[in-house]
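Each remark here refers to the structure printed beneath this line.
Read-outs throughout are calculated quantities, based only on the coordinates presented, and are distinct from any laboratory measurement. Not measured: the values here are computed from a predicted model. Cβ sites come from the backbone with ideal geometry, for glycine too, and all protein chains shown count toward neighbours.
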Amino acid sequence: MIWEGKKAPTLEGRHFIDALDFSPAEYDALFSLAERIKSAPAEFSSACSGKVMATLFYEPSTRTRLSFEAAMLRLGGKVLTVADPRTSSVAKGESLADTIRTVGNYADLIVLRHPKEGAAKLAALYSPVPLINGGDGAREHPTQTLTDLFTIVTYKGRLENITVAFCGDLRYGRTVHSLIKALARYPGTRFILISPEELRLPDHVKEEVLALRKDVEFHETTRMEEGLEGADVLYMTRIQKERFFNEEDYLKLRDAYVLTSEKLKLAEEDLIVMHPLPRVTEISYEVDEDKRAVYFQQARLGMFVRMALIARLLGVA
Ligand code: NCD
C-alpha cells in the first residue's frame, strides 16, 4: 500500500460525490481497512454503535441500498430508509435541499440516489453530515467504483498495468464513467471500449480521462470479439433502459452484446468478468459457472468496502 508507514489519510466528515474526490492513497487506505473487516468482521461489529445512516433512494436499487444498509448493520449502526419517493414529502413538492437539511438532523450519514445528474453535489451543499452519492442519473456512481477497484485488487493483485474492456452502454452507464476516471490515475492502464455507435463513451468523460493522463490508450470497437483479446478485466454493463427516450430505441440495442461461454473462449485464462449488476440479457446464465465470472463476489466485496467507507467518514476506524 502506498501510504504504509505513514499516517492513514483521514476521511472523517467528508462527502463522497465523485470518484475523484478521494486520492489513490485514500482508496488504498480504504481497501486495507475493507480487507481487515473482511477477514475479522467480529472486530468491527460494534464500531458504529449509536450511529444512524439514512438511505434516500429516489431511483430503483437493490444492491446499492441493501449493501449500504447491510454494511451499517454489520458495523452495529442503525438505518433509516426512504426507498419509494412516492411515500415521502418529495411527493408533496419538498425540495431536495429541504429534505437533506431535515434528514441531516436525524442521521449521522446520508446516502442519496437520485435520477438527476448533479443532485448529489447539490445535496452535499446543504448536508450537515457526510453525504454519499449512491448514483446521480447517468453521471457518477463512486461507491460502485470503490467496489470495482477493490474487486480488481482482490483478483488481480494490482491496479497498474491492466487492460480493462468495458462493454455495453458506455454512454449512460454511470458506473463506467466513475470507474474509468479512477482507473486512469494508475500507470499503464489501457481501455478497450466496446459499444454500439449510439452508446459510445461521451466525449466529456474521455476529455476528463485525458486530462488525468495524456498518454492513456483507448481502443474503440463495436465488436465484442475484438475487445476480448488481451483484456485482463471485462466489465459488462446493462443497456440503461430508463435513460432512453423511447422503448423502440432501447429494444434495438438491448441485445447488442451477449457474453456466452463460446465467446469467452477467445479471452485469456486469467481474465475476470465483472458486472455492477443487475444483469438483463448481456451475460448468459451459463457463464456464471465459469471461474472467470466474479460478479457475485464483486457484490459481496462491495459490502465490505462500504463498511470501510462508512467507518472512515464517521471517524470510527
Ligand atoms: C448500477 C447502477 O445503478 O448504476 N447498479 C448498481 O448500483 N449496482 C448499474 C445498473 O443499474 O446497470
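Counting only DSSP beta bridges whose two residues both lie in the chain, roughly 5 percent are antiparallel.
May I ask you to give the average projected area over all directions of the convex hull of the Cα atoms of the chain, in nm² rounded to one decimal?
16.1 nm²
Which residue fluctuates most in the GNM of the chain (Cα springs below 10 Å): D148, D169, D203? Comparing D148, D169, D203 in the GNM, the peak value goes to D203. Legend: ranking of residues R139, R86, R243 from fewest to most surrounding C-beta atoms inside 10 Å; resulting order R86, R243, R139.
Across the options N161, Y257, F218, the greatest Cα extent toward the positive end of the charge dipole of the stretch 142-298 (unit charges at beta carbon of Lys, Arg, Asp, Glu) belongs to N161. Straight-distance candidates among the aspartates and glutamates for linking to K265, with alpha-carbon spacing under 15 Å and chain neighbours fewer than 8 residues away dropped: E225, E226, E229, D232, E286, D288, E289, D290. Placing unit charges on the Cβ atoms only, positive for Lys and Arg and negative for Asp and Glu, gives the stretch 2-104 a dipole magnitude near 300 debye about its Cα centre. Short to long, the 5 Å bins of the Cα pair-distance histogram for the stretch 152-191 hold 6, 23, 31, 25, 12, 3 percent of all pairs. Its Cα centre serving as origin, the stretch 142-298 has a Cβ charge dipole (Lys and Arg +1, Asp and Glu -1) of approximately 540 debye. Packing order of peptides 70-81, 222-233, highest average first: 70-81, 222-233 (average count of other Cβ atoms within 10 Å over each peptide's residues).
Relative protection proxy for 13-19, 253-259, from highest mean packing down: 13-19, 253-259 (other beta-carbon atoms within 10 angstrom). Counting only lysines at least 8 places from K252 when in the same chain, those with an alpha carbon closer than 21 Å to its own are K241.
When its C-alpha radius of gyration is set against 2.2 N^0.38 Å (N residues), the stretch 142-298 gives a value of 0.96.
Dipole of the stretch 1-100 computed with +1 at Lys/Arg Cβ and -1 at Asp/Glu Cβ about the Cα centre; of M53, V90, L30, farthest Cα towards the positive end is M53. Rounded to the nearest 20, the size of the Cβ-charge dipole of the chain about its Cα centre is 1140 debye, with Lys and Arg at +1 and Asp and Glu at -1.
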